[in-house]
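Heads up, the thing below is written out as structure tokens.
Any read-out appearing in this document is the output of simple, stated calculations on the displayed coordinates, not a laboratory observation. Keep in mind it's a predicted model, so treat the numbers as computed, not measured. As a convention, Cβ positions derive from the backbone with ideal geometry for all residues, glycine included, and neighbour counts pool all protein chains shown.
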Amino acid sequence: MFFIETKRIAVVIFGSLLLAVSLNFFLINANVYASGFAGAAQITSSVFEDYLNINLSTGILLLLFNIPVFILGWFKVGKGFTIYSIVSVIFATIFLEILPVISVSDDIILNAVVGGVIAGIGVGISLKLGASTGGMDIVAMVLSRLQDKPIGLYFLSLNGIIIVLAGILYKPENALYTMLALYITTAVIDMIHTRHEKVTAMIITRKADELQQAIHQKMVRGITILPAKGAYSKEDRNMLYLVITRYELYDLEAIIKEVDPHAFTNIVQTVGIFGFFRREGDNIA
């Protein structure tokens, strides 16, 4: 378990480095904006510098924007998830302050494409290991649980505001290039991780009771246990059927490997759910 947590923290730090590279080497000087709180910090820094002649770095603003979000996430999302977010944002701030802001290319399209790809890889690998990059991840999760609407809706809303501001404060072309960068970032995240906010896991195992207990120690999710029988071996087994969020996928994989490495697991997309799906604040009888 120590190795798993160390690996997760290392990947989060590497993802923060990639985000900083994307901003400082490609997006900032091109006035093309990243997604989420990184983009909000970036555009705020540009406004302060270009309109008020006040130099506030993107890294410092990113950290300041996330402080109230960390408090919200600690109480509403979970301590473990929030700790990874704190690590991610702190290291992103450090890397943004250490790395120089340069222009690798004068081609704005190239900056938007490459910057979007690198940012998408940074966010995608963090999500794949069940960690958050902070900021909008936490806000969107809280709002999604309260309103029971897709997380992507809130990402779209914030990114829409960033795109509009880029077009108003600078040239309309900046809004278009920002849209391109955001689209590429989202596409890369989808390829590395999953675009679906909820997924269904079907686990065929000989250790149904042990696995059920281990899952419930880590996450609060309803599990249906069904009898199953191997068509070839004729052995009696059980199938655990549960729906989880994409942020819990890495934790589930780690639990299965630890309790029953020989279990067979099928993960499928979940387009929608009718009926009860536990949200923050729900009580389970």
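Quick look at the numbers
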quantity: Residue match in region 38-48 (condition: outside any helix (DSSP H, G or I) and of a type outside the set (Phe, Trp, Tyr)); calculated: no
quantity: Any hit, region 52-72, residues being outside any helix (DSSP H, G or I), in contact (Cβ under 8 Å) with a residue 40 or more places away in the chain, within 19 Å of the chain's Cα centre (by Cα) and closer than 19 Å to ILE118 by Cβ; calculated: no
quantity: Any hit, region 182-201, residues being over 24 Å from the mean Cα position of the chain (by Cα) and not in a helix (DSSP H, G or I); calculated: no
quantity: Search result, residues across region 45-67 that are surrounded by 13 or more Cβ atoms within 10 Å (Cβ to Cβ) and polar (S, T, N, Q); calculated: SER45, SER46, SER57, THR58, ASN66
quantity: Identity of the residue in region 203-230, surrounded by fewer than 16 Cβ atoms within 10 Å (Cβ to Cβ) and assigned to a strand (DSSP E or B), that ends up nearest to the chain's Cα centre (by Cα); calculated: THR224
quantity: Pair list, Cβ < 7 Å and 6+ apart or interchain, from region 249-268 residues that are more than 15 Å from LEU127 (Cβ to Cβ) to residues that are of a type in the set (Gly, Ala, Ser); calculated: ILE255/ALA214; ILE256/ALA263; VAL259/ALA214; THR265/ALA201
